[in-house]
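Notes follow the structure.
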Amino acid sequence: MNWQWQQWNKEVPMRLKVLETGQAGFTRLKFYVIGKLARMRVPDVVRVLEYRREFFGKPFSDLVEKSLRNSDHWSHGECELFAAFVSSRNQCPF
């Protein structure tokens, strides 16, 4: 991949305007209250999961929950460690 593209891609993240204003009234109110209480903007991952929740957010959340929480191979602690590691690799604050 071209170095200039990588450099530009790191500096200018892609944002969908609809994720800022496309939620229903109650969700917008939740985001406002959370933002004020936490003194920070609601994270993008939460905005994506809440936008058209019935189409993407709920099915995706259910899939993640089922695959991590109902695992026969990993304990609850191992799943949390896995999530923390992935978040750190993605430079995510969670």
**Message:** If Lys58 meets every condition in (1) of a type in the set (D, E, K, R); (2) modelled with pLDDT under 85; (3) under 14 Å from the mean Cα position of the chain (by Cα); (4) part of a helix (DSSP H, G or I) apart from one, which number is that one?
**Reply:** (2)
**Message:** Just the residues that are outside any helix (DSSP H, G or I), over 21 Å from Ser87 (Cβ atoms) and either in contact with a Gly (Cβ under 9 Å, 6 or more places away or on another chain) or charged (D, E, K, R) (or both), please, taken from the stretch 17-44.
**Reply:** Lys17
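Working carefully through the options Arg53, Arg39, find the one that is modelled with pLDDT of 85 or more and either out of contact with any strand residue (DSSP E or B) (no Cβ under 9 Å at 6 or more places or on another chain) or surrounded by 10 or more Cβ atoms within 10 Å (Cβ to Cβ) (or both). Break it down stepwise before answering.
Numbers: Arg53 fails: modelled with pLDDT of 85 or more.
The unique qualifying residue is Arg39.
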**Prompt:** Residues of the stretch 61-94 being modelled with pLDDT of 80 or more, touching a helix residue (DSSP H, G or I) at 6+ places or on another chain (Cβ under 8 Å) and under 28 Å from Glu20 (Cβ atoms), which ones?
**Reply:** Ser61, Ala83
**Message:** Just to be sure I understand, how many residues within the stretch 62-94 are touching a Ser or Thr at 6+ places or on another chain (Cβ under 9 Å), assigned to a helix (DSSP H, G or I) and aromatic (Phe, Trp, Tyr)?
**Reply:** 0
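The values are calculated or read from the model by the stated rules, or taken from the named source; none is laboratory data. As the structure is a computational prediction, the values presented were derived from the model and not from experiment. A quick note on method: Cβ atoms are made from the backbone with ideal geometry, for glycine too, and the neighbour counts reach across all protein chains shown.
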